[in-house]
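Remarks on the structure that follows.
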Amino acid sequence: MEKCLVCGKLSVHLVEDFSFHGHTLRGITVDVCDECGEVFYSLEAAEMVSNIKREERGILFPDEMRGKRRKFGLTQEQIADELMIQRVTYVRWEKGSRVPTTAQNQRLNDLFERYEEQLVRDEFATEYLNILSSSSKAENVYALAAHSSTNFLTDPQKKIRAIIAEQK
Ligand SMILES: [Zn+2]
C-alpha cells in the first residue's frame, strides 16, 4: 500500500486490466485509492482512457485528421484559416496533444465533408466529360445531366449508367 496524493491515506494499490467505461485496458496497471477512489494513471493508461473518451464523443483521431487533410491536398494553415483558429491549435489536434471540443470537431467534420463533396463533383465532371466526348448523342446527355444535376452528388456513377441506358 502506498500513500494517496489526494486523501493522504495509505490505501493506494495496483489494479491490473483496469476497466474504464466498460472497456478493459488489457495489460495496463493503474494505481487506485481504496479510500477516496482516486485513480492515478500512467502515461500509457491516460492515453488509452483519452482514446476511449474520444471514441465515445465521436471526435476525429489525429490519424484521421491527417489522412483527410492530405486526401484533399490541404495544408494545416488552410484548415486553421477556414475554422478561424490558430494554426498551432490545429497542429496540436493532429499531433494528439490537444483534443478538439465537440463543437470544433463538428466544424472540422463539416469542412471535410464539403471537400469530400467537391472531390466527388470533380470526379464526376471528369467522367462526365469523358462520356460527352464519346457520345454520339452528346446534347441529349447534356440535357439529361442538367435536368438531374442535383442527384449527381449522391451516386454519380449510378447516374451516369442511367443516362447511358436511356440513350440506348
Ligand atoms: Zn485517496
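Since every read-out is calculated from the coordinates, none of them should be taken as a lab result. Keep in mind it's a predicted model, so treat the numbers as computed, not measured. Here the Cβ positions follow ideal geometry from the backbone for every residue, glycine too, while neighbour counts run over all protein chains shown.
The table for this structure:
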| quantity | calculated |
| --- | --- |
| Under 17 Å from the Cα of Lys9 - aspartates and glutamates, other chains or at least 8 residues apart | Asp31, Asp34, Glu35, Glu38 |
| Shape call, region 1-114: gyration tensor on alpha carbons, a/c limit 1.5 | prolate |
| Dipole-positive endmost among Gly37, Pro100, Leu74 within region 29-100 (Cβ charges, Cα centre) | Leu74 |
